[in-house]
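Q: Have a look at the structure that comes next, please.
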Amino acid sequence: MFDFKEYHQFIQKKAKEPLPLPIPSNIILLPFLDELTNQPNSMASKEPSITQMDAVQFEKGLTDIFSSTTLEGSLMFQLNTLSIEEPLISDKKIFSSKSKEDDFVREVAEIATSDEIISALSNELGSPKEEETENDFVNRGKNILRKILRETFNQK
Amino acid sequence: MIATLLRVFTFFFEFWVKLPDKTKEKIIDAIVDSFESLLRGYYKRYVAEQQKAEEEKGNNV
């Protein structure tokens, strides 16, 4: 059975793959959309009269969703939102320019999605335990990641 | 293994140590939150694969 690291690699690979064209008029494109967006896919997958144009538009939308729902996309969004809501640069003694703050945010994202961090999380997290609910598993994963990040970031 | 990150991301660590603890925690929270959908996706996929494997096992008995 695959582990969390392999799943992350699978999603990254899927997100980079172009969708096949032409799209059949009754295509069901959504087998992995659900897990990328956490949205139920029942409505679109049961729609029988989707047109070719609808499908092309849908593909464009799907590509946007892919690019924003990968871990890297999500992380940059979170960090940029944080940066806007509470500019790190407000303390001029820390960042002398906006570009330095941007570089810092970029490096934060690179470290957090690095092979080292993903491997450490995957190894400690393991697979879902018997009778562990989705929320319990997610919370366990988040707590492990928080601990790993604190240990990593505060080493010096 | 994680120690290698320290050598590569020197820019990050130069500034990280200067940030107030409150800001550090907010950054860590933002990172942790961004992993949520991936963790949920993995759980769903894992459980589905396990159910499929059990069904196949049952069919072969």
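The values are calculated or read from the model by the stated rules, or taken from the named source; none is laboratory data. Predicted model, so just to flag it, every value in this text is computed and none were measured. Heads up, the Cβs are rebuilt from the backbone with ideal geometry, glycines too, and the neighbour counts pull from every protein chain shown.
Q: Restricting region B:26-53 to residues that are acidic (Asp, Glu) and under 13 Å from A:ALA109 (Cα atoms), which is nearest to the other protein chains (Cβ to nearest Cβ)?
A: Of region B:26-53, the ones acidic (Asp, Glu) are B:29, B:33, B:36, B:49.
Of the ones still in play, those that are also under 13 Å from A:ALA109 (Cα atoms) are B:29, B:33.
Numbers: B:ASP29: 8, B:ASP33: 6 Å.
Only one residue fits best here, namely B:ASP33.
Q: Limited to region A:113-152, what total is found for residues that are touching a residue at least 40 places away in the same chain (Cβ under 8 Å) and either over 18 Å from A:LEU71 (Cβ atoms) or hydrophobic (A, V, I, L, M, F, W, C) (or both)?
A: Going through region A:113-152 one residue at a time, the tally reaches 5.
Q: Residues in region B:49-61: is at least one within 17 Å of A:LEU121 (Cβ to Cβ), modelled with pLDDT of 85 or more and part of a helix (DSSP H, G or I)?
A: Going residue by residue through region B:49-61, those that are within 17 Å of A:LEU121 (Cβ to Cβ) are none.
The answer is no; no qualifying residue exists.
Q: Right, here's the next one. How about region A:53-156: which helices (runs of 4 or more DSSP H) wholly inside it have at least 1 residues that are surrounded by 14 or more Cβ atoms within 10 Å (Cβ to Cβ) and at pLDDT below 60?
A: none
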